[in-house]
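A.B. asks: Below is a structure I'd like to ask you about.
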Amino acid sequence: MRRSDTGVVSSFEGSKVSPRAGLTVNLTGDAPLNVAAFAHVSRGFRPQFPSLSTRSGIVIPVLLKPEVTRNVEGGVRLLGSAVSMQAAVFNMRKLDGPRSFRTGPETFLFTNATTSVRGFESEVQGVLAGGHQLYANYAFHDAEHDEFRTTVGNFDGFQLRMSPRHIGGAGVTLRFDQVGVADAVAWTAGISYVGERPLRDNVINPQILPSYTLFNTALSVYLADVQIVLAATNLTDEYYIADDFSSQNAGNPGVPRRFTVQLRYSFGGL
C-alpha cells in the first residue's frame, strides 16, 4: 500500500493467503434428472483504508486491523430438461469491517464491527411446452451485528440496515413464434417482494421500513435483426425506500411507475 498524495514515505508491503475450497457430488449419475450436493468454504482478507482509521487527525491503531471474512455454504442442485432448482444454506461472517455511525446531522465516525449473515436461498425455474418459462425464488436472511460498539451506543445484535429477512419473487415468460409480421413475440410478467427492514443500524431506535411488492411487465417483439421492447416497472406506483444513502434519516425512494421503449439491433457476424 502506498499513498501518492503526501510527501511522507509511508509504504507497506505484505501478503496474506485467502483459501477457498469447494466440492460438488453427483448423486444420480447419468440419470435424466441430475441431482448434486455442493459445499463451499472460503476466507477473505482485506487491509483497511488509512484515511478511515483516524479521529481528529490521530491514527487509531485498532481501526487498522484487517477485515477478515469467513463464509460457509452448502446445498442441493437439481437439473433436468424441464426444471431446475437450487437450495442452499449459508453462514457469512465479517470480522473488523469498517462501519460508520452518526455523531451529528452531517458528521460520521468509523469504527470496526463484526457482522454475520445466516440464511437460506432457493430458486426454481421451469420450461413449459412451447418454450414458455416460469421461475420463483425465496430467501431468508438473518443479518445482524455480532459486535458494533461506538461512542454513542452499543449496537450488538441490531439487524443490519436495509437487510430484510424475507425476499421473494416469481415470474413467467410466454413466447409465441410467427405472430403476424413478427418472427416472435414474448411477454414477461414478474412480481417481487421485499420484507420489513431497518433504515439504520447505528441509531438507538431505528425506523422500520414497511414491506413492499413490485409488479413489472415487458413485451418483446422480434423482427429479423431488430428487437423492440416495451417495458413497465412498478405498475402499481408503489412508494418505497430503496436505499439509505442520504445525509438525513430519511432514505431515498425507489423508482416510481415507469414506462420505457427500447430498440435493439443485432449486427450479424459481429
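FYI, it's all coordinate maths here, none of it is from the lab. In this text, all values refer to a predicted model and were calculated from it rather than measured experimentally. When we count neighbours, we look across all protein chains shown, and the Cβ atoms used for this are built from the backbone with ideal geometry, even at glycine.
A.B. asks: Relative contact order for the stretch 166-270 using alpha-carbon pairs under 8 Å, separation at least 6, rounded to a whole percent? Kindly include the intermediate steps, with their values, before the conclusion.
C.D. replies: On the way: 222 pairs, mean separation 21.7, N = 105.
After rounding, I find 21 percent.
A.B. asks: Could you please report the charge total around T213, scoring K, R as +1 and D, E as -1 over all other residues with beta-carbon less than 15 angstrom from its beta-carbon? Working shown, then result.
C.D. replies: Numbers: positive: R197, R257; negative: E196, D237, E238.
Computed value for this residue: -1.
A.B. asks: Need one number: nm distance between label points at F267 and V89, each 7 Å from Cα along Cα→Cβ, rounded to one decimal.
C.D. replies: 5.1 nm
A.B. asks: Hey, another quick one. So which residue, out of F245, F140, F90, gets the largest mean-square fluctuation from a GNM of the chain using Cα contacts under 10 Å as springs?
C.D. replies: Ranking F245, F140, F90 by mean-square fluctuation puts F245 first.
A.B. asks: A follow-up question, please. Taking the Cα centre of the chain as origin, work out the dipole magnitude from +1 charges on Lys and Arg Cβ and -1 charges on Asp and Glu Cβ, in debye rounded to 20.
C.D. replies: Values: 24 positive and 23 negative charges, 156 e Å.
The calculated dipole for the chain is roughly 740 debye.
A.B. asks: Test of understanding: in a Gaussian network model of the chain with alpha carbons linked when under 10 Å, which of S84, S220, S15 would top the mean-square fluctuation ranking?
C.D. replies: Result for the chain, Cα springs under 10 Å: S15 fluctuates most.
A.B. asks: Taking just the alpha-carbon atoms of the chain, what radius of gyration and Dmax come out, in angstrom?
C.D. replies: Computed over the Cα atoms of the chain, radius of gyration and Dmax are 24.2, 72 Å.
A.B. asks: Remind me, relative contact order of the chain in percent, using alpha carbon pairs under 8 angstrom and six or more residues apart? Let's see the in-between values first.
C.D. replies: Working: 647 pairs, mean separation 25.4, N = 270.
Across the chain, relative contact order equals 9 percent.
A.B. asks: Separate question: Among N202, N137, N34, determine the one that fluctuates most according to a GNM of the chain built with springs between C-alpha atoms less than 10 Å apart.
C.D. replies: Judging by the Gaussian network model, the answer is N34.
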